[in-house]
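The values are calculated or read from the model by the stated rules, or taken from the named source; none is laboratory data. These figures come from a predicted structure and were not determined experimentally. Every residue, glycine among them, receives a Cβ derived from its backbone with ideal geometry; neighbour counts consider all protein chains shown. Remember, those area values only see protein heavy atoms, side chains included, never the ligands or the DNA or RNA. Shrake-Rupley method; radii C 1.70, N 1.55, O 1.52, S 1.80 Å.
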Amino acid sequence: MRITLLTHSYWPEQSPPQRRWSAMIKEFSRSGWHVDVVTPVAHYPFGRRDLPRRMAGQPFRLQKGQFTENILRVPYLRHGNSRAARLLDQCYSAALSIPAGFMVRKPDVVIVTAPGLPSLAAGYILAKARGVPLIVEMRDAWPDLARDARLVQGSVKSVVERVVDFVQHRANLVVTVTEGFAATLRARGVRNVATVSNGVHLDSIPVVGPPEPERDVFEALYLGNHGESQRLDVAIRASALVGDSMHLHMVGHGTQRPALEKLARELKAPVTFHAPLTGDAMLERYASADTCLVSLRDDWKSFETTVPSKTYEVLAIGRHVTAMVRGEAARIVLDAEAGDIVPSSPEAMADLWRELAADRSRLVRNGDSRQWVKTNAEYGQLADRYMDLISELLAETVTGK
């Protein structure tokens, strides 16, 4: 089996599509499947190339990946945190991905993972031009999220919404990462929708020991994107309410990080901001934490069918979870018996953290969350399901069903 994958971010970057597709390709390669990845020169998250050229790649030059995949890089446009500049960059790279897709061997199927949304149009055109089926992977609830985020206003659909809707309805298969969004798409008449959730490789995530039974300062950890979607100002305000008896560690980057740092300074909140961490440094941060925060704002309806990708890693680690989420994400935390669901309120979150600090026995988990991940979100099983879906699609295409 040969696949052409279009994605706006891939290894050696550290990003949600990179984590998902590095894991998938690792498993695909074990089955002898080959993937050609068409992606921009590495420039995530700051819109510039910070890595050495030999790692970031060069435009229209093949590069060997971590496993058996080949990576073909396309140019990008430098940008900062401007939403318009990011969209322009994605449009530019997506347009160049179409000719780049002809520079690799003809695949059996084209897969495009979104966001970035402009890649959807590129994937559709490339699959049509090469005469192969198209699989569209929706890692977020688009176009619903566009309206929630006020990227689109009024009753008239934007060009982006129309393109997303057009491609979803004409793809041979649409893959979502949550069951809830799959149901939403089916209700809209999208045919052939399946779910392959995000997940983890359990063998790469050790179980950390229980938190200390006695501790003067309660420690909370957030690790992930610092964007509009996460509403992290709630956690910072909560830490300020609790005061010096706790400490909140914020690890990662995102468009809202400067504003969050300013807020923490103004409130004199007990918060430390860290650059993104990997490997042993990340595990040390997890081991030091008493609870891990999973957060999505509650005023965007699309987030009822959204699960933050970091949720599965936190469940596998086995730490108590402070979950400011709703809908499908909340159900997963409850099913895994991983921690507490808290409203999107600084006062409610502060009250929970005070309760946990006073009764630290609530922080000791029984291993059920890791077992839940093993059963439902281990990448070995997820990749097997993905390969079965692709094989079934191609078999139906050949027989003309």
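Just name one of 325, 380, 353: the one whose Cα is farthest towards the positive end of the charge dipole of region 306-390 (beta-carbon charges, Lys/Arg +1, Asp/Glu -1).
353
Kindly express, to the nearest 10 degrees and within the range 0 to 90, the angle between helix 233-242's C-alpha long axis and the longest C-alpha principal axis of the chain.
10
Note the listed values (i) 36, 22, 21; (ii) 43, 26, 18; (iii) 39, 21, 18, then indicate which one is semi-axes √(5λ) of the Cα gyration tensor in Å calculated from this particular structure.
The listed entry that was calculated here is (i).
Evaluate E = 1/(1 + (r/R0)^6) for residue 179 and residue 216, where r is the Cβ-Cβ distance and R0 equals 35 Å; express this FRET efficiency to the nearest 0.05.
0.25
How large is the dipole of the chain about the Cα centre if only Lys and Arg carry +1 and Asp and Glu carry -1, each at its Cβ, rounded to the nearest 20 debye?
About 1860 debye.
When the helices in the chain are scored as -39500 (n - 2.57) per DSSP H run of 4 or longer and the sum is shared across all residues, what 222 nm value do you end up with, to the nearest 500 deg cm²/dmol?
-12500 deg cm²/dmol
When only C-alpha pairs under 8 Å and at least 6 residues apart count, what is the relative contact order of the chain, in percent?
13
Mind checking the angle between helix 16-30 and the chain's longest principal axis? C-alpha axes, 0 to 90 degrees, to the nearest 10.
Taking the Cα atoms of the chain, the angle to 16-30 is about 60 degrees.
Quick one: if you stick a label point 7 Å off each Cα along the C-beta vector at residue 31 and residue 207, how many nm between them?
It is 3.0 nm.
Which angle between 0 and 90 degrees, to the nearest 10, do you get for helix 118-130 versus the longest principal axis of the chain when only C-alpha atoms count?
30
Taking the Cα centroid of region 2-69 and of region 194-234, what is the distance between the two, rounded to the nearest whole Å?
Using only Cα atoms to place each centre, the spacing works out to 25 Å.
From the mean inverse distance of alpha carbon pairs (Kirkwood) and the Cα radius of gyration, derive Rg over Rh for region 80-131.
Rounded to two decimals, Rg over Rh is 1.03.
Could you please state, rounded to a whole Å, how far the C-alpha centre of region 161-190 is from the C-alpha centre of region 109-140?
With region 161-190 and region 109-140 each reduced to a Cα centre, they are spaced 13 Å.
Under a point-charge model restricted to the Cβ atoms of Lys and Arg (+1) and Asp and Glu (-1), what is the dipole moment magnitude of region 19-99 relative to its Cα centre, in debye to the nearest 20?
I would put it at about 260 debye.
When we measure straight from the Cα of residue 268, which aspartates and glutamates land under 18 angstrom away, once same-chain ones fewer than 8 places off are left out?
219, 233, 244, 347
Less than 11 Å Cβ to Cβ from residue 7, Lys/Arg counted +1 and Asp/Glu -1: what total charge do the surrounding residues give?
Charge balance in the 11 Å sphere: 0.
Among DSSP beta bridges lying fully in the chain, give the percent that are antiparallel, nearest 5.
Percent antiparallel among DSSP bridges in the chain is about 5.
Any chance you could run the full-extension gain for residue 50 through residue 345? It's 0.36 nm times the residue separation minus the Cα-Cα distance, nm to one decimal.
Answer, rounded to one decimal: 102.5 nm.
If you roll a 1.4 angstrom probe over the protein chains with everything in place, what fraction of the accessible area of region 226-363 belongs to carbon and sulfur, to the nearest %?
It is 49 percent, rounded to a whole number.
Within the set of other residues whose C-beta is less than 12 Å from the C-beta of residue 98, count the net charge using Lys and Arg as +1 and Asp and Glu as -1.
+2
What full-extension length gain, to one decimal in nm, is calculated for residue 268 and residue 398 as 0.36 nm per residue of separation minus the Cα-Cα distance?
Additional length available on full extension: 40.4 nm.
With 26 Å as the limit, write out which pairs from 26/301; 128/301; 301/374; 106/374; 26/374 have Cα-Cα distances beyond it, or answer none.
26/301; 128/301; 301/374; 106/374
Sum up the charges of everything whose Cβ sits under 12 Å from the Cβ of residue 202, counting Lys and Arg as +1 and Asp and Glu as -1, but leave residue 202 out.
In short, -1.
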